[in-house]
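**Student:** There's a structure below that I have some questions on.
Rule-based calculations on the coordinates, nothing more; no lab input. Please read all numbers here as calculations on a predicted model, not as lab measurements. Note: ideal-geometry Cβ built from the backbone for every residue, glycine included; neighbour counts use all protein chains shown.
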Amino acid sequence: MTLPRNQKTVLITGANSGIGKAAAVQLARAGATVVMACRNPERGARAVNEVRAASGNARVELLGVDMASQASICRFAQEFTGSHARLDVLIHNAATFDHRLKEPVLTQDGLETVIATNHLGPFLMTGLLLDLLKASAPSRIITVASKGLIAYPFLDIEFDNLNGERRFSMQHAYYHSKQAQVMFTFDLAERLQGTGVTVNCVRVGNIAIPDERLAHLPAWMRKAYHAKRKFALTPEKMAETYTWLAVDPALGTVTGGYWDAPNVPARANRMAYNKHTWKKLWDVSAALTHISNHS
């Protein structure tokens, strides 16, 4: 798939490995200017060089951001808008899932790290870049959830447990944050109707995780991941859905979707369609991120 001659600018968070990096390669091959937003500068620089080499596209850039830090996100947005005249596609790929955490860890903003990184960070970044997205319209926002949410058919937003103050496990915190992203997608899509900015969500399935990302896990958990790998998608295969949502001309007005694969829609749990919860989540997220210019 190739882009029009007027090249698009695509921003991908968490792009130094996995699906994000694979999507960066695919979109760079398609002719986009790709900005890889990464937390670790050394790993980010190495990934940029690898994406340039694999794609044959020199228009691949690195910008640093820590999605758990609101100050870092604000600096990033200022730097991005100061150096880029347009933003055609924003892909919220970055996420955290650290099995080692047995209790909540708060960020410098006083927020539990998982919800801060996986939901509040994307919420804040979107708000800070929304004017540029609107000015670049038609443009697209892509969020990322998890197929693991299927195991949580009754999961709702726990407004009294956002910091894990009532109960905490890494798995619950992760899927709770991803449920928030699904609701954010549906809500933002409605709020942006008529602006030329579309919003869609990818439901990521079982992905093969490389051994180096499993080294910190106990032996029994590494064995479990090795067993799952036999049935897993490659990051490159999953990234095809990101690329499809980012550049397919047929999706110019498609918004508010939830997707397993190109042309394969998914269905969220019943709670995810509650508009009263959308509004409350929006208001709480705006208060926690101190932002008021979300449309």
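**Student:** Modelled label-to-label distance, residue 72 and residue 273, 7 Å Cα→beta-carbon offset: nm?
**Tutor:** 3.7
**Student:** Note down the magnitude of the dipole of the chain about its Cα centre, charges +1 on Lys and Arg C-beta and -1 on Asp and Glu C-beta and zero elsewhere, to the nearest 20 debye.
**Tutor:** Values: 33 positive and 24 negative charges, 152 e Å.
Computed charge dipole of the chain: roughly 720 debye.
**Student:** A further question follows. Please list the non-local residues whose amide H lies under 5 Å from the amide H of residue 62, H modeled 1.01 Å from N, same-chain partners needing a gap of 5 or more.
**Tutor:** 36
**Student:** Below 16 Å Cα-Cα, how many Lys pairs turn up in the chain? Only count pairs eight or more apart in sequence, or on different chains, if you could.
**Tutor:** On the way: 8/134; 21/237; 147/178; 147/228; 147/237.
So the count of such lysine pairs works out to 5.
**Student:** Further question on the same structure: Kindly provide the trypsin sites (Lys or Arg not before Pro) of segment 240-295 that DSSP labels as loop, not H, G, I, E or B, and whose Cβ sees at most 11 other Cβ atoms within 10 Å.
**Tutor:** Details: sites: 267, 270, 275, 279, 280; in loops: 267.
Passing sites in segment 240-295 are 267.
**Student:** Can I ask one more? Whole-Hz ³J(HN,Hα) for each residue in segment 237-249, computed from phi via Karplus 6.51 cos²θ - 1.76 cosθ + 1.60 with θ = phi - 60°, x for glycine and proline: what do you get?
**Tutor:** Ordered by residue, 3J(HN,Hα) equals 5, 5, 5, 4, 6, 4, 5, 4, 5, 6, 10, 5, x Hz.
**Student:** Restricting to segment 9-287, what percent of DSSP beta bridges are antiparallel, rounded to 5?
**Tutor:** Details: 3 of 31 bridges.
Counting DSSP beta bridges with both partners in segment 9-287, the antiparallel share is about 10 percent.
**Student:** If one puts a single equal scatterer on every Cα of segment 64-171 and applies the Debye formula without solvent, what log₁₀ I(q)/I(0) results at q = 0.16, 0.18, 0.22 Å⁻¹?
**Tutor:** -0.81, -0.96, -1.23
**Student:** Still on this model: With a point put 7 Å past each Cα toward its Cβ, work out how far residue 237 is from residue 53 in nm, to one decimal.
**Tutor:** About 2.6 nm, to one decimal.
**Student:** I would also like to ask the following. Using amide H atoms built in the peptide plane, which far-off residues or other-chain residues are under 5 Å from residue 146 H to H?
**Tutor:** Residues meeting the criterion, in which the H sits 1.01 Å from N, are 204.
**Student:** Sticking with this one: What do you get for Rg/Rh over segment 1-97 if you use C-alpha atoms and the Kirkwood form of Rh?
**Tutor:** Values: Rg = 12.5 Å, Rh = 13.2 Å.
Ratio of gyration radius to Kirkwood radius for segment 1-97: 0.95.
**Student:** What does the charge count near residue 52 come to, summing +1 for each Lys or Arg and -1 for each Asp or Glu among other residues with Cβ under 14 Å from its Cβ? Before the final figure, lay out each step's value.
**Tutor:** Values: positive: 21, 29, 46, 59; negative: 50, 61.
Its environment carries a net charge of +2.
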